[in-house]
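The block underneath contains the structure these notes are about, expressed in structure tokens.
The values are calculated or read from the model by the stated rules, or taken from the named source; none is laboratory data. For clarity, every value in this text was computed on a predicted model and none was experimentally measured. Glycine also receives a Cβ, built like all others from the backbone with ideal geometry; neighbour counts cover every protein chain displayed.
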Amino acid sequence: VDLIVSDVLSQCRERWATDDSGRLLVGDTCVEDAVKMAGGTPVYLYDRDIISTTVGEVRTILSGAELFYSIKANPFQPLLGFIAGCVDGFDVASGGELIKAVCAGKRGDSIQFSGPGKHPDEVVQAVAAEALLNVESARQVSAAAAAAALLHKDANVVLRVNPRSLSGWSGLRMGGVASQFGIDLDDAADAIALCRKHGIEPRGFHFYWGTQCLDGEKIATIQRDCWQVARTLSEANRVVLRYVNLGGGFGIPYYKGDQQVDLLPVRDSIAEIGDELRSLEPGARLVVELGRYLVGAAGLYLVSVLDLKRSGEAEFAVTDGGMHQHLAASGNLGQALRRSFPCYTPMRMREAPQGRIRVVGRLCTPIDILCSDARLPDLDAGELLAIFQSGAYGATASPQEFLGHEPVRELLL
Ligand SMILES: Cc1ncc(COP(=O)(O)O)c(C=O)c1O
């Protein structure tokens, strides 16, 4: 089991460089200097080289498709400004994210707006920005038509479709089951007809079936399923496929036993689907949207040890961070099985672990655990600890105002 624990950490060690003394580097800056530059701990540090290497690898794999970044994974504006230059588009989920996308330099149909609960004002925002509007209900179709009439503009409508079932996916599902996301396949023909009644011709289809999948074969199979649905819908309803978004769902290793997803099957499925799509419609756009896969491994959450203590059989390191800043690492308010993100002493990456310690935050709840059973070198108060794989769903996906602590710092290097 220990070997497996260190497997995830060793994947992180391979990705992050260290200097001659075994101190972690963020970009080419020693982690301690990077923390000082940011103003101290707790802080999220993001490494732009790791982001661009990851994006480059994904683009090679998905060479027949456009790559969109889902802002929700990490909307830190300097990171958005950087990644905007590396990807084809942004996927946004609110009016606020739409503004962030525009501020980062994306325009028009390189922005796609999805989400089950779009306020009519947000639909107006999207139509004004000439963004792609992924409609998820009949009411959203009508809102798109109303916004288009108000602004005397076309609404760039794409139908988000929820297929009846999807092969073999049992993780966090957002399609292929009853859900608030998208329009059920059985209702898609009516939604297309409603668009046309309003003078809107749908540009194509969007699928988003789930997230954090570590099985490349499964991802490829689901992409093929979605493509068949798009093709059948297009033939049955004479929709010219100008845009097909197959979702994303690529996961990253966080826990014991997690392995990097093998994307070779996805390379094949995307190449095949891209060829078929363009043989039907030469100028068509095939899109994959990813959040955590592009930025998750490029982020560290750095905390300082405030106190060290023993209670019963357990050793504790109490830190200046906590679940209010990194809800995901603490298990998102509860896991059936408590599992931990990889954690180590970033100033002593080459030192061997000496013991097991529970790394906790400073909130008044026993679930404020950042790492339940970290194997670390002996610690002193003041020591820096790094939680790896923290570049996605960190600062903005955590209840930061709980207990009135300062907001967490963030820095992109
Ligand atoms: C529509 C949509 N796109 C993209 C994502 C990003 O998922 P991930 O960060 O796992 O790639 C999500 C996540 O919930 C989503 O709902």
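Table: residues versus (1) of a type in the set (A, V, I, L, M); (2) within 30 Å of residue 254 (Cβ to Cβ).
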| residue | (1), (2) |
| --- | --- |
| 136 | no, yes |
| 150 | yes, no |
| 177 | yes, yes |
| 198 | no, no |
| 203 | no, no |
| 209 | no, yes |
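Every test in (1) within 14 Å of the ligand (Cβ to nearest atom); (2) part of a loop (DSSP other than H, G, I, E, B); (3) surrounded by 18 or more Cβ atoms within 10 Å (Cβ to Cβ) is passed by residue 112 save one, and that test is (2).
The test for being within 16 Å of the ligand (Cβ to nearest atom), buried (at least 24 other Cβ atoms within 10 Å of the Cβ) and modelled with pLDDT of 95 or more holds for residue 389. If the condition is being touching a strand residue (DSSP E or B) at 6+ places or on another chain (Cβ under 8 Å), part of a loop (DSSP other than H, G, I, E, B) and surrounded by fewer than 21 Cβ atoms within 10 Å (Cβ to Cβ), then region 63-85 contributes only 64. Residues in region 237-253: is at least one part of a helix (DSSP H, G or I), free of Cβ contacts under 8 Å to residues at least 60 places away in the same chain and surrounded by fewer than 22 Cβ atoms within 10 Å (Cβ to Cβ)? Looking through region 237-253, at least one residue is part of a helix (DSSP H, G or I), free of Cβ contacts under 8 Å to residues at least 60 places away in the same chain and surrounded by fewer than 22 Cβ atoms within 10 Å (Cβ to Cβ).
Residue pairs whose Cβ atoms lie under 6 Å apart, sitting 6 or more positions apart in sequence or on different chains, and linking a residue in region 169-184 that is farther than 13 Å from residue 116 by Cβ to a partner that is at pLDDT below 90 and surrounded by fewer than 19 Cβ atoms within 10 Å (Cβ to Cβ), are 176/165. Screening residue 233 with (1) surrounded by fewer than 16 Cβ atoms within 10 Å (Cβ to Cβ); (2) in contact with a helix residue (DSSP H, G or I) (Cβ under 7 Å, 6 or more places away or on another chain); (3) part of a helix (DSSP H, G or I) gives one miss only, at (1).
Only one of the listed residues (188, 193) is part of a helix (DSSP H, G or I), surrounded by fewer than 18 Cβ atoms within 10 Å (Cβ to Cβ) and not charged (D, E, K, R). That residue is 193.
Within region 357-384, track down each residue that is out of contact with any Ser or Thr (no Cβ under 8 Å at 6 or more places or on another chain), closer than 16 Å to residue 344 by Cβ and surrounded by fewer than 23 Cβ atoms within 10 Å (Cβ to Cβ). Within region 357-384, 378, 380 meet the criteria.
Taken over region 327-337, the criterion of being within 16 Å of the ligand (Cβ to nearest atom) and either among the small types (Gly, Ala, Ser) or touching a residue at least 24 places away in the same chain (Cβ under 8 Å) (or both) is satisfied by 327, 328, 329.
Conditions tested, residue by residue: (1) closer than 30 Å to residue 268 by Cα; (2) basic (Lys, Arg); (3) free of Cβ contacts under 8 Å to residues at least 40 places away in the same chain.
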position: 39; (1), (2), (3): no, no, no
position: 77; (1), (2), (3): no, no, yes
position: 93; (1), (2), (3): yes, no, yes
position: 97; (1), (2), (3): no, no, yes
position: 124; (1), (2), (3): no, no, yes
position: 136; (1), (2), (3): yes, no, no
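Applying a threshold of 9 Å to beta carbon distances and a minimum spacing of six or more residues, or different chains, the list of pairs starting in region 289-317 at a residue that is among the charged types (D, E, K, R) and ending at one that is in a helix (DSSP H, G or I) and within 16 Å of the ligand (Cβ to nearest atom) reads 292/73.
Is region 46-69 home to any residue that is more than 13 Å from the ligand (Cβ to nearest atom), over 21 Å from residue 266 (Cβ atoms), in contact (Cβ under 8 Å) with a residue 12 or more places away in the chain and of a type outside the set (D, E, K, R)? The answer is yes; a qualifying residue exists.
Scanning region 268-315 for residues that are within 16 Å of the ligand (Cβ to nearest atom) and among the hydroxyl-bearing types (Ser, Thr, Tyr) returns a single hit, 293.
Per-residue answers, yes or no, for (1) over 18 Å from residue 310 (Cα atoms); (2) in contact with a Cys (Cβ under 7 Å, 6 or more places away or on another chain):
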{"site": "365", "(1), (2)": "no, no"}
{"site": "371", "(1), (2)": "no, yes"}
{"site": "378", "(1), (2)": "no, no"}
{"site": "382", "(1), (2)": "no, no"}
{"site": "397", "(1), (2)": "yes, no"}
{"site": "400", "(1), (2)": "yes, no"}
{"site": "405", "(1), (2)": "yes, no"}
{"site": "413", "(1), (2)": "yes, no"}
